[in-house]
Each structure stands twice: as structure tokens, then as C-alpha cells.
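Derivation of every value follows stated rules applied to the coordinates shown; laboratory data play no part. Bear in mind that the values here come from a model prediction, so they are computed numbers and not experimental data. Cβ sites come from the backbone with ideal geometry, for glycine too, and all protein chains shown count toward neighbours.
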Amino acid sequence: MITYYIHLAFQKKTLIRSLRVALLVGIVLNLINTPELFNLSTADLRIGKVLLTFLVPFLVSTYSSVLSNKTIKPGAISNLDALLKCNSCKKTNFHIHIGQEVEECPTCKEKTNWNPLKVFTLSNSENDLLKSLALFARYNPMPLFRTTVKGTILGANPASEQLFTDDNLVNQNIKELIPEIKNIDFEELISGEKLKEIVIEKSGRHFNLFLRGVPALHSIHVYGNDITEIVNAELKIKQQAHEIRQSIQYAWRIQQAMLPANEILNQLFPNNFIFYRPRNTVSGDFYWVNQIGKHKIIAVADCTGHGVPGAFMSMMGISLLNEIILREKINHPAEILNKLRERLIHSLTNKGIDGNVSDGMDISLISIDSESNLLRFAGAYNPLYIVRNSELLFLEADRMPIGQF
């Protein structure tokens, strides 16, 4: 409390008032008691007596100013963090923070007579900016703390008290309230003026906390930001992404089941290899291999789109090839592609799909007569390459796609 009274005594307004009173009263007293002091010819000016005459009113004025200012009036803006006592009803345990508007005692109302019982922090500034910042802290909906190097809370705004369901957080240890910051070195934060960021969960909500060391005050300022909605949105996105990945993985299994089995490939073409590397998990590229009588038929196609859209088009192409070749027993490449084009266009337009949309595939298809060893080829934008006797042969495809374009 002595520190608080000294603070009041050395306030600018107190000093100015005391100097004015001392100057006026001192001159008057000297004129009355020792008028000869103002005679410049007098040798002995009795300097000590003159100074004492000015000093006494100065000290009296200072003392009266301190007594008049020590009472904290309701409606004023506080320049200290303190525990208050109401002299009218003798009740204590009322807290006030820097920048906070002083309220009336709930019991005494207009008879409120606040005096500081214990002062935690004093502000030497009375400018409007400090008051504005302090009021911002008080009415900020996010939790704000100020602690010592040991974690003792010096001040907390109402949002912090609401978060911890405690109306009196002052003097409690923040490391006990928030175990996530227990291992943070506050001394290092203050000495290096560092910033530390952590995420905590409290009362079912998530907060992003910033801890900043303030060397000038040798304290830690803690700023909280409620990120519950962001965290919940991230969890929802992750859940949706997981479900999508599961769906795509299941679609991949279905697509793999529709491609030719290795047993068929090895049976029809013992010396074979397949280079099949989809851009995505599921693909718009497919190959088709089977045999009708003495005709071995191979098709390689590139459908419009990538990923899931391309995969749907590829499965439609595989289904139509199964229908045309295996069920209808058609083995001529050109006839197969013509029927494939007709039925694909019919399937797309029959389902109400916009005819201006380009859907379909580029495809190469060959039929090999196993008895005559004759190869027939038909292609829609996809050519055929043949390596024979170390020579590369190129068969150009028709510039007519399969589908609607």
C-alpha cells in the first residue's frame, strides 16, 4: 500500500497542485512574518527559514491530495489492478483491473467508498490509449491473462473467468489451470521477448493460445482465440475425405474385377506384358482381352475424363464390349467399333445427358485369327504399333471418336 500512496504523491497533477499551493502560501507567510527578507540590501536572508516556509505547505498539500485521491470513485477508469475494500460496509474481495470502469458496491450503491486493500499493478500512464486498450481487454470475448514469471495470474478479463467458471482467477497459477503450458519456460519467454503458440481444449471448446514475454513488465501476456469452429470443420473435412477415399478404393476394386484376369492373358498370349499406370486410383483407361472361336480380340481404350468420371465411362465401355463381342459373337474390328459407337451414344442420350457434352473414348482394337495368323485392326484416334523383325510399323487410326463429340 505504501507503494500506492507514493505513486499518488508523485502523480503529475498532485505535484503541480502542491507546488502552486506551496508557492502561494509560502509568499504570503514570508510577507507577513519576515518582510525584511524581500529587502535586497539585507545581508542575512535566512535561506533555511524561507525554504521551510515553502516546504511545509508543499507537504501539507501533497498529503491532502493523497488522502483525497486514495478513494476510488465509481464511474472512474481504474489505473491499477487491486483488491478493493468498501469502507462503508467493510466488505472485501472486490477486484478491479487497469482500464476497467469502477462499479458501485453491490450493497452500498451510491454510498460506495472504495479503498485499495492490496495493489497488484500500477499504471503510470493516464492517456486515453491505455484506457482504450484496457477496456478492449475487458470487453474482449476471448480469454486474456497477465501472469508473473512463475505463472501467478495478475489479471484476467471476464471471458477468462467465464471459461474457467471462476470469478476470481487472480493469484491462481495458470500452469495448474492449463496443464498444456506446464513445461513452457516463462523465464526464457520474458528474457528473449519470445512468442509461443499452443492449442488447448477446455470445456468442450478448442483455443489457440499465444504466450508472449514482456520484459518491460517482467510478465507473460496470454491471448486466447476460440478455434472450435475451425477444428470442427477440419474434423468434418477429414471424415468426409476418409469416406471419399474408402468409396474410391471400393470403386478401384470393382474396376479391377472388370479388367481381364491374368489367367486369360497368359493363356491367350503366353509372352505378354501390360503397362497400366492410372493417373488416379481409378482410371479412365482400360484394356479388354478375350477369344471368340478362333479369333483373339484385344482392345485398348482411353475414355474422356480422369479419376471417377473416366472410370464410369471405362466400365460402360467394358460392358458394351462384353455385349457386342461375347454375346453377339461379332469379331470384325470395324463392325465392333461401329456398334460400340452407336450404343454408347444411345446410352448417353437416352439418359437425358446434354448432347453438347463431349463423352466417349479413343480406342484401338485388333482381332487375330489364330489359324491364318491374320491381324485385323480398327482404331478411333488410337493408332496401332507393330514391331516385326526389329522394324516398327505404324497403322493410323480413323479420326472419328467413339461417343458424342
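Some observations on this one:
- Ranked by how many other Cβ atoms sit within 10 Å of their own Cβ, fewest first, the residues His295, His242 fall in the order His242, His295.
- Length gained when the stretch Asn87-Arg327 is fully extended (0.36 nm per residue, less Cα-Cα span): 76.1 nm
- At R0 = 45 Å, FRET efficiency that the Cβ-Cβ distance of Asn168 and Lys238 yields, to 0.05: 0.70
- At full extension, Leu393 and Gln256 could sit 46.2 nm farther apart than now, given 0.36 nm per residue minus the alpha carbon distance.
- Cβ-based net charge around Lys236, under 13 Å, with every Lys or Arg adding one and every Asp or Glu removing one: -2
- Local electrostatic count, Asp302, Cβ distance below 14 Å [Lys/Arg +1, Asp/Glu -1]: -1
- Rounded to the nearest 20 debye, the dipole magnitude of the range 219-306 is 440 debye, with +1 charges on Lys and Arg beta carbons, -1 on Asp and Glu beta carbons, and the Cα centre as origin.
- Cα-projected label distance for Arg279 with Tyr385, points at 7 Å along beta-carbon direction, nm: 2.0
- Calculated FRET efficiency for the pair Glu371/Glu201, C-beta based, R₀ 60 Å, to 0.05: 0.20
- Prolate/oblate/rounded call for the range 257-354, Cα gyration tensor, a/c under 1.5 rounded: oblate
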